[in-house]
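What follows is calculated from the coordinates using simple rules that are stated; it is not laboratory data. Keep in mind it's a predicted model, so treat the numbers as computed, not measured. When we count neighbours, we look across all protein chains shown, and the Cβ atoms used for this are built from the backbone with ideal geometry, even at glycine.
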Amino acid sequence: MYLLSILIFAVSANMDNFAVGLSYGVKTIRISLKSNLIIGLITFLGTALSMSVGKSLLLVIPASAAGVLGGAIITAIGCFYLIKFIWDKSANAYERYDKDNSGDIDWREAIGLGLALSANNIGLGVSASITGLNVTATSICSLFFSLLFIYISNILGKSCVSKFLGKYSEPAASVLIIILGVYEMFG
């Protein structure tokens, strides 16, 4: 079940990447392999750094409470994102990263987009490491799903399924985060 927690974390933490790839694909904005790698590496670093902070917190949190506390924080984050989605159905904030309107996300734009997308992983990363998830395995898995989701969704964005998938990626991520948090609290 340890691997399952890592997979759920990586998938849910990168659902924003999926939504971004879809929205750019719909607008025929290409995310090149180089830009995708930049975004993925920033996501990897954000996850690894935040999880390292979480591991440091384990020095002051009793081991018996760590899993429950981390799981509760993860659940709260998932609930926050779900409520935020329900409350605010405004335009996707990530759509403004093609600043030069070139139809392609260049490396400078990829850095900004990567930083914005990795912000989602910070709170989750701290909480996930408190529950005991392995920093290296979780960060690598997060990198993999970041690359995969952006690549696949950018292609899917050009198809007719993009509206359906994009509409449900954010609430699906929130539900996955809640499931992970509850599992970590009671699992």
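Could you tell me the calculated FRET efficiency between Ile179 and Lys158, based on Cβ-Cβ distance and R0 = 35 angstrom, to the nearest 0.05? The formula returns an efficiency of 0.70 here.
What does the charge add up to near Ile152, with Lys and Arg as +1, Asp and Glu as -1, over the other residues with Cβ less than 15 Å from its Cβ?
Values: positive: Arg30, Lys158; negative: Asp16.
Once all neighbours under 15 Å are counted, the net charge is +1.
Here's the picture: charge each Lys and Arg Cβ at +1 and each Asp and Glu Cβ at -1 in the chain, and of Ser23, Met51, Gly70 the one pushed furthest to the positive end of that dipole is Ser23. The number of Lys pairs in the chain with C-alpha atoms less than 21 Å apart, excluding pairs fewer than 8 positions apart on the same chain, is 13.
I need Met51, Met185, Met15 ordered by Cβ neighbour count within 10 Å, fewest first. Intermediate results must be reported in sequence, preceding the final value.
Values: Met51 27, Met185 17, Met15 24.
With the sparsest Cβ surroundings first, the list reads Met185, Met15, Met51.
The helix-based estimate of mean residue ellipticity at 222 nm for the chain, built from -39,500 (n - 2.57) per DSSP H run of four or more residues and divided by its residue count, is -27000 deg cm²/dmol to the nearest 500. Relative to the current alpha-carbon distance between Ile140 and Ser32, full extension at 0.36 nm per residue lengthens the span by 36.8 nm. For the chain, the membrane-span-like helix rule (DSSP H, alpha carbon extent of at least 20 Å along the helix axis, mean Kyte-Doolittle at least -1.0) picks out 33-57, 63-87, 107-130, 135-156, 162-186; this says nothing about an actual membrane. Highest mean packing comes first when the peptides 171-182, 23-34 are listed by Cβ atoms within 10 Å, giving 171-182, 23-34.
For a quick check: sort Asp106, Asp100 by the number of other beta carbons within 10 angstrom, fewest at the front.
Numbers: Asp106 16, Asp100 10.
If I rank by nearby Cβ atoms, fewest first, I get Asp100, Asp106.
Taking a point 7 Å out from the Cα of Ala65 in the direction of its Cβ, the residues of the stretch 126-151 whose backbone N falls within less than 20 Å of it are 126-133.
Kindly put Trp107, Trp87 in sequence by how many other C-beta atoms sit within 10 Å of each C-beta, fewest to most.
Values: Trp107 11, Trp87 8.
Going from sparsest to densest Cβ surroundings: Trp87, Trp107.
The length gained by stretching the chain between Phe186 and Trp87 to full extension, at 0.36 nm per residue less their Cα-Cα distance, is 32.8 nm.
For the chain, report the % of Cα-Cα distances exceeding 30 Å. Of the Cα pairs, 18 percent sit more than 30 Å apart.
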